[in-house]
Amino acid sequence: MRRDPDCLFCRIVKGEIPSAKVYEDDAVLAFRDINPAAPTHVLVVPKDHVATLAECGDGDRALLADVMLAAGKVAGLEKLDAFRLIVNNGSGAGQTVFHLHAHVLGGKPMGERLL
Ligand code: AMP
Ligand code: ZN
């Protein structure tokens, strides 16, 4: 398991920094975003540290599948009939925490579309 002692999300996964946990299994921790952009805004974070989606390689297949599956479980736990999943990759796309994570957003109409 990769860990970066200076990484905020590694520290949350380790329990050094508190979080509002929504779901946890061997591979991921999901917790509420501290600055929610929607009524439900949960971050799904793999316990294994990788900075960005672009840095993921073939060895990260299981990690990526675990994040996607956990996002679906979170949506079920949060009783979201519709939700959006976002991964920001790189500061130009708005990534501020360089530990891969997916945003699960829901609980309001999300009409605006980028594509
Ligand atoms: P991103 O901009 O895609 O890197 O997403 C990082 C997210 O982490 C932002 O939506 C922040 O609001 C959120 N965040 C930062 N610090 C914390 C924290 N201590 N607990 C929960 N969420 C956080
Ligand atoms: Zn990390």
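Okay, here's what the table says:
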{"read-out": "Whole-number percent relative contact order across the chain, with pairs defined as alpha carbons under 8 Å at least 6 apart", "value": "29 percent"}
{"read-out": "Signed unit charges on C-beta, dipole axis of the chain, positive-most listed residue ALA38, SER91, VAL50", "value": "ALA38"}
{"read-out": "Förster radius 22 Å - calculated FRET efficiency between LEU77 and MET110, Cβ distance, rounded to 0.05", "value": "0.70"}
{"read-out": "Neighbour-limited loop hits for GluC sites (Glu not before Pro), segment 30-115 (at most 14 other Cβ within 10 Å; DSSP other than H, G, I, E, B)", "value": "GLU55, GLU112"}
{"read-out": "Helix-only mean residue ellipticity at 222 nm for the chain, each DSSP H run of n ≥ 4 adding -39500 (n - 2.57), per residue, nearest 500", "value": "-6500 deg cm²/dmol"}
{"read-out": "Selection of trypsin sites (Lys or Arg not before Pro), segment 16-115, meeting DSSP coil and at most 16 other Cβ within 10 Å", "value": "LYS79, ARG113"}
{"read-out": "Kirkwood hydrodynamic radius of segment 8-106, Cα pairs, Å", "value": "13.5 Å"}
{"read-out": "Potential lengthening between ALA65 and ASP26 on full extension [0.36 nm per residue; Cα-Cα distance subtracted]", "value": "12.7 nm"}
{"read-out": "FRET E, pair ASP58, GLU16, Förster distance 30 Å, beta-carbon r, rounded to 0.05", "value": "0.45"}
{"read-out": "Degrees, to the nearest 10: 61-77 long Cα axis against longest axis of the chain", "value": "40 degrees"}
{"read-out": "Student exercise, the chain dipole from Lys, Arg, Asp, Glu Cβ charges, in Debye to nearest 20", "value": "300 debye"}
{"read-out": "Amide H within-cut-off set for TYR23, under 5 Å, with H built and near neighbours excluded", "value": "ALA30"}
{"read-out": "Unpartnered cysteines - no second Cys beta carbon under 4.7 Å - across the chain", "value": "CYS56"}
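Values in this text are rule-based calculations from the coordinates and carry no lab data. Bear in mind the structure is a predicted one, so any value in this text is a computation, not a measurement. All Cβ positions, glycine included, derive from the backbone under ideal geometry; neighbour counts span all protein chains shown.
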